[in-house]
Amino acid sequence: LSIISLLFFLVGCTSYPKKMGYTEVPIHDKSILNPYFSDTSQDYIYKANVDAFSNHFGGILVIKKIDDLEHRVVFTTEMGNTIFDFSFRDGDFTVNRIVDPLDKQLLINILERDFEALVREKLVAQAVYNKGSQEITEIQMDKRPYFYAFENSLLTTITRIGNQKEKVVFEFSEINDDIAKRITIIHKNIDLKIELKAF
């Protein structure tokens, strides 16, 4: 390798946190908790807008924790017609129902990853980084790196990384009593955006 090629190789191998100016710090607690959909007594109901590959879907999204192992995610029109209905149980994913425009395996795989990241509660820290008062924790989900950012102990963003670039960013805002009243899921490399606003 020439010196220039070696430099490009080394820069290309720089991890996402270091590119963003974060420094790795010791892990004090390997257990990470996403609290937003963790209460079995709560129905999490959102007005939802999904823009996917030039298709727009609006309606009601309900996320329900059934028990310690299962979450159900149901998206309907305001008239009550099901757009999609997914179950996540202990690592298994089931499509209970989905409308034809969305019934494409590639899109189903993407929606599975998105909602798995949204409802997965218990995670294991692989590494922790900070920059000033900001801290991000790296976890692995389905062999993909995700970075969970916390501010004042509140989970504010989840970022999925691929090839050291942001692929998907989950933004949580208007947080109260472990409920994020606004959630936005933005895909950086494909035409897909999900916006959720709690009733």
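Its DSSP H runs of at least 4 residues, each contributing -39,500 (n - 2.57), put the calculated 222 nm mean residue ellipticity of the chain at -4000 deg cm²/dmol, to the nearest 500.
Computed from point charges on the beta carbon alone (+1 for Lys and Arg, -1 for Asp and Glu), the dipole magnitude for region 75-199 about its Cα centre is near 400 Debye. Starting from the Cα of residue 109, step 7 Å toward the Cβ, then list every residue of region 135-161 with an amide N under 19 Å from that point. Counting backbone N atoms under 19 Å from the label point, the list is 141-146, 160-161.
Output wanted: per-residue J couplings in Hz (rounded whole) for region 39-53, from phi through Karplus 6.51 cos²θ - 1.76 cosθ + 1.60, θ = phi - 60°, x for Gly and Pro. Those phi angles translate into 9, 5, 7, 10, 9, 8, 10, 10, 6, 10, 10, 10, 10, 9, 6 Hz.
Over region 49-107, the pair-distance histogram of Cα-Cα distances with 10 Å bins from zero comes to 22, 50, 26, 2 percent, rounded to whole numbers. Accessible surface ranking for 143, 104, 181, 167, 1.4 angstrom probe, highest first: 143, 104, 181, 167. Remark on region 130-195: Rg and Dmax equal 12.4, 35 Å (Cα only).
In order along region 166-172, the Karplus-derived 3J(HN,Hα) couplings, from 6.51 cos²θ - 1.76 cosθ + 1.60 at θ = phi - 60°, round to 5, 9, 9, 10, 9, 10, 10 Hz, and Gly and Pro are given as x.
Once the cut-off is 17 Å, how many percent of the Cα-Cα pairs in region 15-120 end up in the long-distance tail? Walk me through the numbers on the way to the answer.
Working: 3354 of 5565 pairs.
Cα-Cα pairs in region 15-120 separated by more than 17 Å: 60 percent.
Normalising the average separation of contacting C-alpha pairs (under 8 angstrom, six or more residues apart) by the number of residues puts the relative contact order of the chain at 20 percent.
Cα centroids of region 45-118 and region 164-199: how far apart, whole angstrom? About 14 Å separates the Cα centre of region 45-118 from the one of region 164-199. Here Cα Rg over 2.2 N^0.38 Å was calculated from the structure, and among [x] 1.36; [y] 1.31; [z] 1.10 it sits at label [z].
Loop sites by DSSP among the GluC sites (Glu not before Pro) of the chain, restricted to those with at most 15 other Cβ atoms within 10 angstrom, leave 122-199 as the longest stretch without any of them. Where the alpha-carbon atoms of region 81-199 are placed on the principal axes, they occupy 48, 35, 29 Å, in descending order.
The values are calculated or read from the model by the stated rules, or taken from the named source; none is laboratory data. For clarity, every value in this text was computed on a predicted model and none was experimentally measured. Neighbour counts are summed over all protein chains in view; Cβ atoms, including those assigned to glycine, are modelled from backbone coordinates with ideal geometry. In case anyone asks, the SASA skips ligands and DNA or RNA and just uses the protein heavy atoms, side chains included. Shrake-Rupley method; radii C 1.70, N 1.55, O 1.52, S 1.80 Å.
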